[in-house]
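Chemist: Here it is, the structure, as structure tokens.
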Amino acid sequence: MQGKKVSGNRWRSYQSSLKRRETVSRRRRILLVLLAVTILFALLSFLLPLVPAPPPKAPADAQQPTAPEPAAQEAALSMPDRAFVRSLLAASGCKDFKSTSLLSLADGKAYTLNTTIDSNLQARLESLLDTRHSKALGIVVSDPDTGRILALAGWADGQMQARACWEMLFPAASIFKVVTAAEALDQFGLSANSPMFFNGRKHTLYRSQLTPANNRYSEEISFAEAFAESINPVFGKLGIHTVGLERLLARANTLGFGRLWDLDMPAIPSIAPGREADFGIAEMASGFNRSTQMTPIHGAALAGALINGGNLIAPWIIESIEGENGEILYKGRPEILEKVGSRQAVDDLEAMMVQTVLTGTARSTFANAKRDRILKNLTIGGKTGSINDSDDHTIRYDLFVGFAKHNVDQRKLAVSVIVAHHEFIGTRAAQYARSIIRHHFQ
């Protein structure tokens, strides 16, 4: 009995020890798991701030930007705008355009400026210049359909100055009658055949000539004849009693007066006066003042618009620009700035310009055109102007703005000539234009 009891106690002790060891082992496993979780959590807390956040996801309908191709990106960076082209032209120091290519240095780089100049026509133009009797002059020849400058020459301060063509202002004189006529034809129902009346002499302008009423002394003339003969009282009355100041200034602005064009040359804007009294309106409308001023380059654009269907096209002279390695950095192109007016108004203006050459103020210069083997094949039109600088007549400004069109092949040319003569009158503006037109179409 005693032996069995001892054996039973040992068994229970053995079972108790197994349970204790199992409990300890389980507690160790739990502690190890807790320790591992704690260590993992600590590592994640340390590493997560170092990982960059993903970019926000765009909406499904949002347009994703496309990176430009390297070639397109490079072209966008290297293509100069017109402001840079103007600076290169100024840096070239050009006084004339004997060469069709100019070298310009800027930002430590060399640029080649290829121009639109016709070297043959340019040489002929320069051979015509009468600088001995001219205090200043500017002559511009262009293609009316594209605005390309084919030849130009300027004279100022005793030397050749090409920039005089786009940076020098001269009195517009009777060239401004084109503006008055354009507004009257386009907005007030007038035509080239509309009757006009005036009193007194044709080329004076007195207050007594500006009354709206007509009398038995009034002379009747067509609008085309008034334009061709540049009759000041007719245009003075139109300015005061028909067109008015606001419309006159608005049309002047449309045709380039008072507007700074974005050209490839550093051109300054032509000027139209501001507010005027009645007599001032008459002076401006007829061109009988010295405060309305224009550049020769503007005159060529205006003439071109009257033979190309009414498009005032920006003049341009830089065909292309090459970099140091011959790469093309810039290419010129035509740009329409404004419409002169309705097609009927433009056709009437063109006819009035032609009549100026046939029977008006330019008739003596082109008197034998129908017998000339070259000029007889052309339709030639123009507008003349003249005014003195002051009462002492030390300088006489002489202007011709016009065009020519070949009657067979339809080639066209626009010409703008402004000359400031000394006391002795040298080669007149219309004479320059005649010689240039004849040379170009021969």
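None of the figures in this text is laboratory data; all of them are computed from the coordinates on show. On a predicted model such as this, the values are computed, not experimentally measured, just so you know. Backbone-built Cβ (ideal geometry, glycine too); neighbour counts: all protein chains shown.
Chemist: Starting from the Cα coordinates of the stretch 128-219, work out the convex hull volume and express it per residue in Å³.
Modeler: 189
Chemist: Now for a separate question. Kindly put 186, 348, 130 in sequence by how many other C-beta atoms sit within 10 Å of each C-beta, fewest to most.
Modeler: Going from least to most buried by this count: 130, 186, 348.
Chemist: Tell me, 347, 107 in order of fewest to most beta-carbon neighbours within 10 Å?
Modeler: 107, 347
Chemist: Related question: Each residue of the stretch 296-313 in turn: what ³J(HN,Hα) in whole Hz from Karplus with 6.51, -1.76, 1.60 and θ = phi - 60°, glycine and Pro shown as x?
Modeler: x, 5, 5, x, 5, 5, 5, 5, x, 5, 8, 10, 10, x, x, 9, 7, 9
Chemist: Under unit Cβ charges (Lys, Arg +1; Asp, Glu -1), what dipole magnitude, rounded to 20 debye, does the stretch 172-258 have relative to its Cα centre? Walk me through the intermediate numbers first.
Modeler: On the way: 8 positive and 7 negative charges, 53 e Å.
Result for the stretch 172-258 is approximately 260 debye, rounded to the nearest 20.
Chemist: In the neighborhood of residue 285, defined by Cβ-to-Cβ distances under 10 Å, what is the net charge if each Lys or Arg adds +1 and each Asp or Glu adds -1? Walk me through the numbers before you get to the answer.
Modeler: Working: positive: 177, 237; negative: 183, 276, 283.
Value of the local net charge: -1.
Chemist: Let me ask you something else. Determine the sum of side-chain charges near residue 105: Lys and Arg each +1, Asp and Glu each -1, restricted to other residues whose C-beta is under 15 angstrom from that of residue 105.
Modeler: Taking every Cβ under 15 Å from that of residue 105, the sum is -2.
Chemist: Among residues other than residue 361 whose Cβ falls under 13 Å from its Cβ, what is the net charge (Lys/Arg +1, Asp/Glu -1)?
Modeler: Taking every other residue near residue 361 into account, the sum is +2.
Chemist: Give the order of 262, 157, 145, 398 when sorted by the count of other beta carbons within 10 angstrom, beginning with the fewest.
Modeler: Starting with the residue having the fewest Cβ neighbours, the order is 157, 262, 145, 398.
Chemist: I've got another one for you. Could you pull out the pairs from 95/135; 202/339; 98/383 whose alpha carbons sit more than 22 Å apart here?
Modeler: From the list (95/135; 202/339; 98/383), the Cα-Cα distance tops 22 Å for 202/339; 98/383.
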